[in-house]
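The next block holds one structure in the form of structure tokens; read it before the comments.
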Amino acid sequence: MYKLSEIKPYIKVRIIRTELPSDRYSRRLSELGFIEGTEVVPLFSALMGGIRAYLIKGTVTAVRDKDAECILTEAVRDEEGNGF
Amino acid sequence: MKKETGFDYEVALAGCPNVGKSTIFNYLTGMNQHTGNWSGKTVEHAYGYHRNDGKVYKIVDLPGTYSLSTGSAEEEIAYSYIKNSTDKYIVIVTDALSVERSLSLAVQILSVTPRAVLCVNMMDEAKKAGMFIDREKLSAQLGIPVVLCSSRSPSTLSELRDTIFSLCRGGINTDPPYSLKGKEIRESLGTEECIKTVDEICRRICAFCIEYKSSRVPDTKLDKILTSKITGIPIMLAMYGILFWITAAAANYPSEWLSSLFLFCKKYISGFLILVHTPSALYSLIIDGVYTTLSWVVAVMLPPMAIFFPLFSIMEDSGYLPRVAFNLDRAFCKACAHPKQSLTMAMGMGCNACGVMGCRIIDTQRERNIAIVTNNFIPCNGRLPALIAISSIFFAVTKSRTANSLITAAVMVGVLVFAAVISLLMSKLLAVTVYKGEPSGFALELPPYRKPDFFKVILRSFIDKVLKVLLRAVCVAAPAGAVIWCLTHFTVSDTRLLDYLVEFLNPFGLILGLDGVILLAFILGFPANETVIPVMLMSYKSSAVMLDYSSYTELGAILTTNGWTAVTALCFMIFCVCHWPCSTACLTVYRETKSIKTTLLAVLLPTAAGIILCLAVNLFHSAF
């Protein structure tokens, strides 16, 4: 199990669970697709750091690193192999 | 069936933000649109009408939402509308590239009402990404008609329109299948389980109906360049620099043309007034007061605004601004400002009233207030010509015209950076004093870059801007000209009213590195910022006869004759950025917050900052 913030770019992972602090925020992230079972791919970070863009459900969505630390994931075994 | 007067069928457009709903709305309603507010809320309500074959269709644009629940004002509105839509029809607009996510809204809507059509928009982009959507399978899975659209292909849009009409007239049967778990979802809307159930259903449907012919990773080459440590910031500054440079350089030509036009018309108006034996005082009021100010505003202030605004709209439409928000997120985090504040600040560059209204996108009241109160630090379109003029006169003093425009652009970028930094510092100040609280959570969507429809955007925003400015010129600048004329022509014990005011304000102005006339101009510029320079000029010159509006030489001569130095110019620019909001912006702040306290804060904070900064600059200068 790895924190989403620790995953290297372009590695596909699947979300196991989220441990976000407030209900309201956790619901907002859920609506954007950050829930159990969804596949996520980290893409690129902002130049000042602190926030990173992820590919999720066909969209590019940016989430702050301190929130990505609360999203726990596992590696995904791809037929094509992991990474792109 | 309950029917309001004026239309036969009511159709609502629902969908996530950024799916191209407004393009479809514009297509269906054309010029026939109305915007207002949903009752009791500060969310924009847009609706329009479409006539076809003897029937009138009312098209309502619901606010963009990711799901049906009662979290934010937008969601409440969408949810309550759809709940009460037994006699209405819904067009669910989704974006092909992110159809998995948008489909979850569709499934939720179908749990409440079956009277819907699914529109999968932006199919051209999906095709480019190697995505194939099986329309028949999708339609069978959802039990409603599905139309695959692309805004570049009018035939798909007319197919959507025809499908909507058929649906309304009862020509199509809709029947969401049991597999969509309608009852279960409807009863648990808004809960975590509901989201999970919906997510499972959507994943199943997408796996069945959608094929990907190539890898799904989006092309991030451009994004990596725009957000990299080395190139990110220079590119940001360069983008704004180019915007300002084009504006400053290109505005000269229409300015010259317009000022010749006004001079030309002046002869005829003048001739006419003399012909009808206008009393000389009234003649002077009209020609020297009203007409002069009006022509100044239109000839000198309008061209930069009319050029900047469309260019800025193109930048907005292209999808670049969320990347700016992404890049600057850390700074906003440290300033305790909501990240979406960068977007509202960008809107403030067009118009501060729009920027304040735009703060609706910020969820929490506390962070919304911070964004609203600090919005005026960002110089709006109305202040842009004044800033360009003063930078050109006092700082772009080389012999080369090209070098001068580049210097002006560079100075303007500097002004913008200054405004942004002050804005963030003030946000931090507010966050630790008046608006204390916890920062809210946040996720920012970075939509794919879209090539904006240049022609349409430029045309629409150009016409919109020109008309708005012309209207304001007539309603605000003309009366302002009349007021100044009265102040310069009415005397009390041999002293002009103007001189009384200027003398009163002068000591205060001088401490700030300005003078009484400048302060008076700012005060009289309260209705509209673009009248500040014209009012200033008319006060400096006893005879308000301006021969050449477009050249800055005459303007520069007037200013230097009246004691302006580079320091005055600097203080003017600082005060221009940091002073009270214009009347429209103040009204908007009150309308959005319904709080006199917040409105007062929005007026006093920038003013106080301006006073302190100008004082500091002036003291610093006197000390050397």
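For A:LEU72, the shell of other residues with beta-carbons less than 15 Å away shows a net charge of -4, using +1 for Lys and Arg and -1 for Asp and Glu. The interface between chain B and chain A buries about 3700 Å² of solvent-accessible area in total (1.4 Å probe, ligands and nucleic acids excluded). The string of couplings for region B:101-110 from the Karplus curve (6.51, -1.76, 1.60, θ = phi - 60°) is 6, 5, 5, 5, 5, 4, 4, 5, 5, 5 Hz, one whole number per residue in order, with x for Gly and Pro. Separation of the alpha carbons by more than 23 angstrom is noted, of B:LYS267/B:LYS541; A:LYS12/B:LYS221; B:LYS21/B:LYS456; B:LYS88/B:LYS340, for B:LYS88/B:LYS340.
B:ARG472 contributes about 80 Å² of solvent-accessible surface, heavy atoms of the protein only, 1.4 Å probe.
Roughly to the nearest percent, how much of the accessible area of chain B is carbon and sulfur, given a 1.4 Å probe?
Numbers: 17580 of 27250 Å².
That fraction is 65 percent.
Near B:ALA116, the amide H atoms lying under 5 Å from its own belong to B:ILE90; only residues 5 or more places off or on other chains count, and H is placed 1.01 Å from N.
Let me know the shape class of region B:127-206, please: from the alpha-carbon gyration tensor, a ≥ b ≥ c as square roots of the eigenvalues, rounded when a/c is under 1.5, otherwise prolate if a/b is greater than b/c, or oblate. Intermediate values should be presented prior to the final figure.
Working: a/c = 2.37, a/b = 1.45, b/c = 1.63.
It comes out oblate by the Cα gyration axes.
3J(HN,Hα) along region B:557-571, derived from phi through the Karplus expression 6.51 cos²θ - 1.76 cosθ + 1.60 where θ = phi - 60°, amounts to 4, 4, 5, 5, 4, 9, x, 6, 10, 4, 5, 4, 4, 4, 5 Hz, with x in place of Gly and Pro. Shielding of peptide A:36-48 by partners, expressed as the average count of other chain Cβ atoms within 10 Å per residue Cβ, is 6. Close amide H contacts of B:ASN52 (hydrogens built in the peptide plane, cut-off under 5 Å, sequence separation of 5 or more or a different chain): B:TYR57. Only DSSP H runs of four or more residues enter the estimate; each adds -39500 (n - 2.57), and after division by the residues of chain B the mean residue ellipticity at 222 nm equals -18500 deg cm²/dmol. Backbone phi angles across region B:131-140, fed through the Karplus curve with coefficients 6.51, -1.76 and 1.60 (θ = phi - 60°), yield HN-Hα couplings of 9, 10, 10, 8, 5, 5, 4, 4, 5, 5 Hz in residue order; Gly and Pro are listed as x. In terms of its alpha-carbon gyration tensor, the protein assembly as shown comes out prolate; a/c meets the 1.5 threshold, and the first ratio a/b outweighs b/c.
With a/c under 1.5 counting as rounded, go ahead and sort chain B into rounded, prolate or oblate using the C-alpha gyration tensor (a ≥ b ≥ c being the square roots of the eigenvalues; past the cut-off, prolate if a/b is larger than b/c, else oblate).
Details: a/c = 2.22, a/b = 1.86, b/c = 1.19.
Prolate is the answer for chain B, as a/c is 1.5 or above and a/b outweighs b/c.
Distances between placed amide hydrogens fall under 5 Å for B:GLU445 paired with A:ALA62, all partners being 5 or more residues away or on another chain.
What percent does the relative contact order of region B:481-624 come to when contacts are Cα pairs within less than 8 Å and at least six residues apart? Can you show the working numbers first?
Numbers: 141 pairs, mean separation 30.8, N = 144.
Here the relative contact order equals 21 percent.
Cross-link partners of B:LYS468 among aspartates and glutamates, defined as those whose alpha carbon lies under 18 angstrom from its own and excluding same-chain residues fewer than eight positions apart: B:GLU530.
Counting only heavy atoms of protein chains, what accessible area per residue, in Å², does chain B have with a probe of 1.4 Å?
Details: 27250 Å² over 624 residues.
Averaged over the residues of chain B, the accessible area is 44 Å².
The values are calculated or read from the model by the stated rules, or taken from the named source; none is laboratory data. Treat the numbers as computed from the prediction; the structure is a model and nothing was measured. Heads up, the Cβs are rebuilt from the backbone with ideal geometry, glycines too, and the neighbour counts pull from every protein chain shown. All accessible areas refer to the heavy atoms of the entire protein, side chains included, with ligands and DNA or RNA removed. Shrake-Rupley method; radii C 1.70, N 1.55, O 1.52, S 1.80 Å.
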